[in-house]
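To start, the structure itself, in C-alpha cells.
The values are calculated or read from the model by the stated rules, or taken from the named source; none is laboratory data. Bear in mind that the values here come from a model prediction, so they are computed numbers and not experimental data. Note: ideal-geometry Cβ built from the backbone for every residue, glycine included; neighbour counts use all protein chains shown. Quick note on the areas: whole protein, heavy atoms, side chains included, nothing else; ligands and nucleic acids left out. Shrake-Rupley method; radii C 1.70, N 1.55, O 1.52, S 1.80 Å.
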Amino acid sequence: MADTETHPDVEAQQHVHQQAGEPDLDRGMVEGWAARMISNPDRAYRAAFYVATFFFLVTTLFPFYWLFMIAISGDNVSNVGVLTPATPVEPGAFTEIFTQLPFHRFVFNSFLIATVATVLVLFVASLAGYVFGRLNFRGKQPLLLLVLVTSFFPPAAFFVPLNRLFNTNVEVLRPIMQDGSLYNTPQAIFLPLSALFLPLSIFILMTFYSQIPDGLEDAARVEGTTRLGALFRVIVPLSAPGVATAGVLTFISVYNEYFFSSLMTDGRAQNWAPMLEGVLGFRGQFEVDYHLMAAASIVAVLPVAILVVVAQEKIVSGLTAGAVKE
Amino acid sequence: MASETPPNESGTRLLMRPLNRLEMLSEQAYAYVLLLPAAILLGAIAFYPLVRTLTFSLRADDVFGADPFGKFVGFDNYIELLSGQALIPNQFVDPAMNEPLLRQALIVTLLFAVLSVFFETLIGFGQALILNQDFRGRRWVRVAIIIPWAVPVVIQAMIFWLMFNPTIGWGTDFMQWLGVFGDNPLANTSNSFIIVLVADIWKTSAFMALLILAGLQSVDRSLYDVARVSGASPWQQFKLITMPIVLPALLVAMLFRTMDAMRIYGVIDASTGCEQVPTLTCLVISSFNARRWASASAVAFLTAIVIGIMVLFYIWQFRRTEGGAI
C-alpha cells in the first residue's frame, strides 16, 4: 500500500480517476488537494503515513540534536537556540567532562557492572532455561510461575532489606572489602540487577533451547559428552542468537538502570558509582554546567545507541519473545 | 539417561567426582541441581528481601535508635498509612493537595500509570503501523524509534530537565505560549507531572510499538485481500481484522507497561525531584532517608500489593477476551 514508488498502472489509473472525477472546476490549491484526497483515498493514507513517519522521526531524534547544540555552546550556553548553538561554538565540553570529573571512570564503572551482570545472568539463565525448556520434572509449572512472579515486584520492595544487608559488616569479607560490607562495591549493584533481569533472560533462553532438536543432544551424549558438556558445547552454541539477544537486553537494562544504581553507592567514582552519578555530578549545588551535562549525556548514550544500531533485530526479537511468553 | 555414564575412573581425580555424580542423577534431581544458581540468586536478592520487607513493615519506626526498627506493632503501619496519620516525611510542597501523603502518592502513581499507558498505547500503535509497512529505509526508521527505549533513565531525565529549564530550555516558552505552563514548571507539581509523563511516553512508546508490531506481523495478509475485494475501507480492515488479532499482544504489552509505570522513580528523581511528583517509590525512598525504615517497608509492600492487584485485573481481562469475543 505505502510503496515509495507507485506502480505505473496505478498511476495511470489515478490519472484517469482525476480526469473523470474532476471536470473543469477551478479550485484553489488546498481545495484541489482535498478533492484529490477524496477521489483517491489511498493517496490520503499515504500522505498520513509520511506525515506520521516524519513526526515520529523528529520527536525521537530531535532531543539528541538539541543536546548536541547545548554541548557545543560552551560557556554561553544560556543563549542556545532551539535549532542553533550559541556563538561562538566551543566543542571543549567533550574534553572538559573528563577533567572536571573523572567521567571516564564513571562510564568504566557502569561498563564493568553491566558486563559482570550480563555474564552472571547468561550463565545462571542458561542453566535455568535449559531445565525449563528441555527437561520434564515435577514442579516445573509452579517454579516457572515463581520466576515470573519475581519479575513483577517493584525494586522498592527489595530495597530496605538489601540496603541493610549490604551495609552489614561481615567479618568474612573483611580481607577483600574495605570495611567488610558490600556498600560502595560493584557487587551491591550488579547482584540486585542480575536478579531483577534474570527472569527475562530465562524466558528468552528457554524458548530458544526448547527449539533445538533432541537428536542433537542425544548424539553428543552418545559420543561421551557429559550432561553439562552437552549443554554448553551443543545447545548453547546452537542457540547463539538467543544467547546474544538475552545478553544485549541484559546489558542495556543494567547500563540504563537508575533505582539500585543510584542508591547502592555514595556517588563517588572511586567507590564504583555508575555513570548516572557522573551525569548528575555536573549539576552542582551552586552552579550548573549545562554544556557539560549535555556532553556527558551524549558520551554516555553513544555505547547503547551503537548497540541498538548493531543489534536491533536481537532487541526486537528478544523483547517480543520475552513478553509473549508471559 | 544415567546408563550412558562413562565408567567411573576409580575416583582418582577429585575434581571429576562431583561432575561424575551429576551424570548419575535422575532427570528430576538433575533439574533441581541446575536450578540451584537461579534459586540462590532469586532467593537471596528477591524472595528473602521481600519477606524481610514484610516483617520490617510490621514493626515501629525508631528514628533515633541505633537500630531503626522498634517493637512489633502488627499492621499499625498499614492502618496509619491508609488512614492518613502516618508520620512519613512531609515532602510535598504543593499546598493545594491536602490529601494524606499516601493517598497523594497512590493517586499520582495510578494517574501516571493510566495516562502513560494510554498515550503509549496510542503512539505505540501508530509507530507499529508504520513499521509494519514495507518501505525503503524501514530499518533506519526502526532504529530511530527504538533508540529512546535504549536511552539510560538518567539521560532521559536530563533531556527533559534541560528542555524545561528556565535558563536554557525552550520547552517552558513553548508551553507558556500554549498557555499551559507557569514560569518555572520544574517547581510546580502539576506541570512537573506533565513533564515526567511526556518523558515517559517519549522513552517507552517504542516498547509498546515493538510488542504490537509482533502482533501485527502474525496477521495473515490474505485476510486483507479478502477484505479489499469485499470493499472494506482501510479503517474497517483495521477494526475487523487487525484489532481482534492484535488484542492479546496488546493486552500483554499493556500489562508490562503498567507494572513498569507503577514503579516509576528514576526519571522523577533525576529531573523534577520527588517533591514535585510524589510516587509510591519516591515515598519509599524519602521515608527511608528519614530513617523511617518501617514505614518505608510498609509503603514498599503496599506498592507490591497494588501492582499485584493490577496484574490480577489484567489476567482476568485476558481470560475474558480469550474465552469470549474471539
task: Could you work out how far apart the two model spin labels at A:Tyr45 and B:Arg139 are, taking each label as a point 7 Å from the Cα in the direction of the beta carbon, and quote it in nm?
output: 2.7 nm
task: May I ask which residue of B:Ala187, B:Leu280, B:Phe118 lies farthest towards the positive end of the charge dipole of region B:100-287, with charges of +1 (Lys, Arg) and -1 (Asp, Glu) on Cβ and the Cα centre as origin?
output: B:Phe118
statement: The orientation-averaged projected area of the Cα convex hull of region A:77-235, in nm², is 16.9 nm²
field: Within chain A, helix-based [θ] at 222 nm, where runs of 4 or more DSSP H residues each add -39,500 (n - 2.57), nearest 500
entry: -22000 deg cm²/dmol
task: List the extent of the Cα atoms of chain A along each of their three principal axes, largest first, rounded to whole Å.
output: 92, 65, 35
query: Expressed in nm², what is the orientationally averaged projection area of the convex hull enclosing the Cα positions of the protein assembly as shown?
result: 37.6 nm²
- request: Give the accessible area for B:Trp170 in Å² (nearest 10); use a 1.4 Å probe, count only protein heavy atoms, and leave out ligands, DNA and RNA.
  value: 60 Å²
query: Relative to the first principal axis of the alpha-carbon coordinates of chain A, what is the inclination of helix A:290-310, with its axis defined by its Cα atoms, in degrees from 0 to 90 and to the nearest 10?
result: 90 degrees
message: Would region B:251-326 count as rounded, prolate or oblate if I go by the C-alpha gyration tensor, calling it rounded below 1.5 in a/c and otherwise prolate when a/b exceeds b/c, oblate otherwise?
response: oblate
Of B:Ala157, B:Leu54, B:Leu197, farthest towards positive along the dipole that unit charges on Lys, Arg, Asp, Glu beta carbons give the protein assembly as shown: B:Leu54
query: So what are the ³J(HN,Hα) numbers for region A:276-284, from phi and the Karplus equation (6.51, -1.76, 1.60; θ = phi - 60°), rounded to whole Hz, Gly and Pro as x?
result: 4, 5, x, 4, 6, x, 7, 9, x
message: Just want the answer: with Cβ charges of +1 for Lys and Arg and -1 for Asp and Glu, which residue in A:Ala321, A:Asn109, A:Leu135 is farthest toward the dipole's positive end in chain A?
response: A:Leu135
message: Once the convex hull of the alpha carbons of region B:100-287 is built, what does its volume come to per residue, in cubic angstrom?
response: 144 Å³
field: Projected label distance in nm at A:Glu31 and A:Thr99, using a 7 Å step from Cα toward the beta-carbon
entry: 6.7 nm
message: Amide H of A:Thr185 versus every other amide H placed in the peptide plane: which residues, excluding those fewer than 5 positions away on the same chain, fall under 5 Å?
response: none
field: Estimated inter-spin distance, B:Val180 and B:Arg221, nm [label 7 Å along Cα→Cβ]
entry: 3.9 nm
- line: region A:282-322 scanned against label point 7 Å out from A:Leu216 along Cα→C-beta; backbone N under 19 Å for A:314, A:318
